[in-house]
Number of protein chains: 2
Amino acid sequence: MKQYIYGVDIGGTNIKLGLFKENTLELIESREIKTPTEHQEVSIFEHIALEIQTMNQHHQISFDDLLGIGLAVPCPVKNGFVQKCPNLNWQTMDITKNMSLFLPGNVTVKVSNDATLAALGENNSLERPFQNAILFTLGTGVGGGVIIDGQILEGGTGLGGEIGHIPIPFETDELCGCGSKGCLEQVCGTKAIFKKTRLLAQTLPTSIHLDHLTVKAIFDAAKENDPVGLEVVHGVAKAIAYSASILAVVLDPEVFILGGGVSKAGQFLVDLIEQYYQPYARFHTGSVPFILAKTGNNAGIIGAAHYLKK
Amino acid sequence: MKQYIYGVDIGGTNIKLGLFKENTLELIESREIKTPTEHQEVSIFEHIALEIQTMNQHHQISFDDLLGIGLAVPCPVKNGFVQKCPNLNWQTMDITKNMSLFLPGNVTVKVSNDATLAALGENNSLERPFQNAILFTLGTGVGGGVIIDGQILEGGTGLGGEIGHIPIPFETDELCGCGSKGCLEQVCGTKAIFKKTRLLAQTLPTSIHLDHLTVKAIFDAAKENDPVGLEVVHGVAKAIAYSASILAVVLDPEVFILGGGVSKAGQFLVDLIEQYYQPYARFHTGSVPFILAKTGNNAGIIGAAHYLKK
């Protein structure tokens, strides 16, 4: 009986594994292990297989009880293939095959990009999942995932949904890691947020402690009308709203979901984004709601499990 | 034997009908009739059914020989439903059902947006169709269609692929028909092109005859280094390149196809777009080619036939 699914989220630092019931996708147990740093094209899969074996034993199940294993990886993926994954030192590789080498032949493996699968995980964790949804992952970097007609968008080469690199024609002309200037990530990534905060603090009064900068402190200050906090937070909200208005006419989503550390600013951020979004929104796209992600760090493993089940 | 398919492209002025072989999708015959102007929620379908009957008789086939009828319509469509179609005075309506009322019960009807189906038609007319393609339709208005994993993108409400309304942060702050400012259509639509040409001609020397403005004349002048022609055409190329660079990181297409009247400027326009596109392009998306559409006014009927067959 194929009663269980593993969802695995491979990050540069940690690998998260979740054991799910196949029918309800209820999370039975989740664990984290350190991402091995040597020979990652082999070691990562070996460690995952070993940890799954341990979890299997703990729950008295066997590989025969698994419908399969879904993998979320931090790089563009197309049909299970990766060209380059700087976070993990992977080069051109068949991820599905490399994982399967450490598993019995009857265990299915499916793999896609982590932010893309996080979008699937967040959307499918809603009381009523949408058919068309866009997730912003607002962290150190800014990424995203796109769900169209219930399916993940990988695009032609796995780069689909890289919404952190939509150009923002205001706020920034900072050079981005992608080599271009003015990307959304250069306004809304935590690094950009900290940089702008420090810059503004040179000329504006602020209560924000610059020695121990956190996104939370900046948003908390903004809520108290701190001039620096306000300007930073308005810039973030405006840039997200602007990029969302473009995504709306291209993809016609039913919802925008805000995830990642920056989204912990909560309803305050949502309200500001909505305020900037309305004048940007074309046609009836002004009615597309912004909501906060709920599954936190579990989005990847949940999405990977859902993807495996599809 | 279901050996034939009709592809029908409903426009505000004309309705084009194509009879296709089911297996090869070879176009056997195409006809155009005037779009009836009264009671369009009924008359359009009545006229189409009558014309199909006539074409059937001409080719000695019957409705039993049809796999079905694909319809391309000039408005957002979702699952065969339209909310509002200003071009045809349609309000909330089940297009599939209204068409079926005039057909024998066993004839399948499928319907979607005309630019979206044109994208399918253009892409599937390539020697090797791509799985992920974006069509720009550059005419009076600017529209587009998106193909993802071989499927058309309708989006949540049928508005998917409205790429003519991507905001362009340079060149224009003209008010668009959509109610917003600075849309791609306000740079690259023929109306915008003519307006800018007239404006520039007030201050720059030009050989372009302003009394009989055509897009062809403007591009021809640009090729001869006419100052006004050059500035207009560079503006068009830059705006298309900019919007394509956004679409590239969101959708990760394998090709951009340029269709509509403005694309008749040919390789000259393609080369200019490529030139502007390269510095905008993020990651490896600079390698996505721009190609010219080939099927002309037949894109809609071809796409409708392909959609029906899917």
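The values are calculated or read from the model by the stated rules, or taken from the named source; none is laboratory data. If you're wondering where the values come from, they're calculated on a predicted model, not measured in any experiment. Using ideal geometry, Cβ is built from the backbone for each residue, glycine included, and neighbour counts are taken over all protein chains shown.
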- Message: Just to be sure before I move on: is B:Cys188 more than 14 Å from chain A (Cβ to nearest Cβ) and touching a strand residue (DSSP E or B) at 6+ places or on another chain (Cβ under 7 Å) in the structure I sent?
- Response: yes
- Mind checking which residues of the range A:117-162 are of a type in the set (Asp, Glu) and touching a residue at least 12 places away in the same chain (Cβ under 8 Å)? A:Glu122, A:Asp149, A:Glu154, A:Glu162
- Note on the structure: Checked the range B:211-222 for anything assigned to a helix (DSSP H, G or I) and either touching a helix residue (DSSP H, G or I) at 6+ places or on another chain (Cβ under 6 Å) or not assigned by TED's automatic domain parsing to the domain that holds B:Glu171 (or both); matches are B:Val215, B:Ile218, B:Phe219, B:Ala221, B:Ala222
- Message: Step by step: first the residues of the range B:1-34, then only those that are modelled with pLDDT of 95 or more, among the basic types (Lys, Arg) and in contact with an Asp or Glu (Cβ under 9 Å, 6 or more places away or on another chain), then the one that is surrounded by the most Cβ atoms within 10 Å (Cβ to Cβ). Which residue is that?
- Response: B:Lys16
- Single residue of B:Ile15, B:Ile10, B:Ile52 found to be over 30 Å from A:Val249 (Cα atoms) and either within 19 Å of the chain's Cα centre (by Cα) or outside the structural domain of B:Gly143 (by TED's automatic domain parsing) (or both): B:Ile52
- Message: Suppose we keep only residues that are within 14 Å of chain B (Cβ to nearest Cβ), part of a helix (DSSP H, G or I) and of a type in the set (Phe, Trp, Tyr) within the range A:247-303. Which one would you say is nearest to A:Glu231 (Cα to Cα)?
- Response: A:Tyr276
- Query: How many of the residues in the range A:64-105 are closer than 23 Å to B:Ile148 by Cα and either assigned by TED's automatic domain parsing to the domain that holds A:Gly158 or assigned to a strand (DSSP E or B) (or both)?
  - Reply: 10
- Message: Based on this model, can you work out whether B:Gly296 counts as surrounded by 22 or more Cβ atoms within 10 Å (Cβ to Cβ) and under 21 Å from the mean Cα position of the chain (by Cα)?
- Response: no
- Message: Taking the conditions exactly as written (within 13 Å of chain A (Cβ to nearest Cβ) and at positive phi), does B:Gly145 satisfy them or not?
- Response: no
- Being part of a helix (DSSP H, G or I) and either more than 22 Å from A:Ser287 (Cβ to Cβ) or within 7 Å of another protein chain (Cβ to nearest Cβ) (or both) is the filter here, so list the residues in the range B:164-175 that pass it. B:His165
- Note on the structure: Checking A:Met99, A:Met93 in turn, the sole residue that is touching a Leu at 6+ places or on another chain (Cβ under 7 Å), aliphatic (A, V, I, L, M) and either under 20 Å from A:Leu17 (Cβ atoms) or away from chain B (no Cβ under 13 Å) (or both) turns out to be A:Met99
- Note on the structure: Note on the range A:227-241: residues within 14 Å of chain B (Cβ to nearest Cβ) and either surrounded by fewer than 24 Cβ atoms within 10 Å (Cβ to Cβ) or closer than 23 Å to A:Gly300 by Cα (or both) are A:Lys238, A:Ala241
- Spot the failing condition for A:Leu135; the list is (1) under 13 Å from A:Phe256 (Cβ atoms); (2) touching a Leu at 6+ places or on another chain (Cβ under 6 Å), and only one is missed. (2)
- With the condition kept exactly as written, say whether any residue in the range A:188-203 is in a helix (DSSP H, G or I) and of a type in the set (Ser, Thr, Tyr). yes
- Looking at the range A:131-176, which of its residues are under 17 Å from A:Ile193 (Cα atoms) and of a type in the set (S, T, N, Q)? A:Thr137, A:Thr140, A:Thr172
- Item | Leading residue by the ranking (nearest to B:Pro76 (Cα to Cα)) among those in the range B:175-223 that are buried (at least 16 other Cβ atoms within 10 Å of the Cβ) and acidic (Asp, Glu) | B:Glu185
- Task: Report yes if some residue within the range A:124-136 is more than 14 Å from chain B (Cβ to nearest Cβ) and modelled with pLDDT under 95; otherwise report no.
- Result: no
- Can you work out which of the residues in the range B:171-199 that are among the hydrophobic types (A, V, I, L, M, F, W, C) and farther than 18 Å from B:Val228 by Cβ is farthest from the chain's Cα centre (by Cα)? B:Leu175
- Determine whether B:Gln202 is away from chain A (no Cβ under 12 Å) and more than 27 Å from A:Tyr280 (Cβ to Cβ). yes
- Task: Just need a number here: residues in the range B:96-144 that are farther than 29 Å from B:Ser243 by Cβ and β-branched (Val, Ile, Thr).
- Result: 4
- Message: If I ask for residues that are modelled with pLDDT of 95 or more and more than 13 Å from A:Ser112 (Cα to Cα), which ones from the range A:65-89 would you list?
- Response: A:Asp65, A:Leu66, A:Leu67, A:Gly68
